[in-house]
Amino acid sequence: MQTTKTDVVIIGAGPAGSVAAGLLARKGYSVEMIERTHFPRFSIGESLLAQSIELLDHAGMLEDVAAHGFQFKDGAAFHLDGETTAIYFPDKSAPGPSTTFQVMRADFDDLLAKAAAKKGAKVSFGQEVIAFESDDNGAIVTVREESGNERKIEARFALDASGFGRTLSKMCKLETPSDFPTRRAVFGQVVDHITEPTFDRNKILVSIHPEERDIWFWLIPLKDGISSIGVVGSQESIEKAGATDHERLWNLIKSVPYKAKVLENAEVYRPAATIIGYACNVKSLHGPSFALLGNAAEFLDPVFSSGVTIAFKSAHLATELIDRKFKGEPVDWENEFSKELYVGIDTFRECVDAWYSGALQTIIFGRPKEMNDITRQLTSVLAGYAWDRDNMFVKSPKRTMKTVEKWCAST
């Protein structure tokens, strides 16, 4: 069996993997990024947050992304019972970029992988990981190529950026049940033909079911008149809406008059598909000579589009520690990687909990329309700045959410 050596092997060429590969290659390390599929390939999660722009810039990839012509995004619009209110990212409290993009992920992921390759990373497609072992001296990844040949990659460190594949969390038995209820997402893409004058293509539209407020819908405008659409709810709520995913998606859309009006001329571009029970937890984000990035480590819920931001943040944190480790400096993976990453994850987690309990919906629709410190700090979190320790929603997410909910409900 052929054996090759590299400084770092990265499993998965999605956003986390490509940014990590680019950062490490730029520092002069040898990197091989292996990907089971071939790019471009479809992936869900098209709406980025503003902090993603800052993280892309630090990785030296923003110029590539900005030149592609993705749909501009400056916030989010929320709709409930005929009322629409908007979160405008430039009104945030944190410094940093205020706008971002909504992207066709097939193009976006392919662009990032190519950007990593331009920086010197080796990218190998059609490679399936079939075995993994590691100790304090390094890691060995065994892959099967499409030809059927197997080979080994010996690395000083391994990063798992396999997304929902969760390669190492499964192989190393790190997965634990999520404490979120099992939810189902049904989604597709349309040529939207939107003519509704009140619809803002620069924002994701999040609509709430008028009777079952734990059912919500997304509409993400992309370039060239394409939009990503989807609905999230309990398994029971989704299944009773129709016999097929197509029927479920469109029958539920019809239950929200404004959303149905916005999409009245839409034509199917990508047929409906579904994901069930997508939330995950792990026992640890790291082990001997390996770490888990992005969705391979933790996935919460799509409602606040936090996935790519968490992926980018985890890549930055991990690559800085790998660089220090390789230079012989002391590294504390638990405090400097896991606990630091969980600052943002826990902030987003509280937002998700508060969304489904109704508390965050009360805040979003009940907040004063004039800007103040509270609304600016909430806007910052929803723009992705979930690691800003000057933000009270980050310093004390649960207590702050509860206090602000009571305040908004009483005003």
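The values are calculated or read from the model by the stated rules, or taken from the named source; none is laboratory data. Given the structure is predicted, the values throughout are model-derived calculations rather than measurements. All Cβ positions, glycine included, derive from the backbone under ideal geometry; neighbour counts span all protein chains shown.
The residues listed here are E329, E336; of these, the one that is outside any helix (DSSP H, G or I) and either surrounded by fewer than 21 Cβ atoms within 10 Å (Cβ to Cβ) or in contact with a His (Cβ under 8 Å, 6 or more places away or on another chain) (or both) is E329. Of the numbered criteria (1) β-branched (V, I, T); (2) assigned to a helix (DSSP H, G or I); (3) without any contact (Cβ under 8 Å) to a residue 40 or more places away in the chain, the one I322 fails is (3). Of the residues in region 90-98, at least one is of a type in the set (G, A, S), out of contact with any Phe, Trp or Tyr (no Cβ under 6 Å at 6 or more places or on another chain) and not in a strand (DSSP E or B).
Scanning region 362-403 for residues that are within 12 Å of S93 (Cα to Cα), in a helix (DSSP H, G or I) and either free of Cβ contacts under 8 Å to residues at least 24 places away in the same chain or β-branched (V, I, T) (or both) yields I374, T375, T379, V381, M392.
Of the numbered criteria (1) in a helix (DSSP H, G or I); (2) closer than 17 Å to E35 by Cβ; (3) out of contact with any Pro (no Cβ under 8 Å at 6 or more places or on another chain), the one V129 fails is (1). The residue list V331, V308, V268 contains one member that is in the same structural domain as V231 (by TED's automatic domain parsing) and among the aliphatic types (A, V, I, L, M), which is V268.
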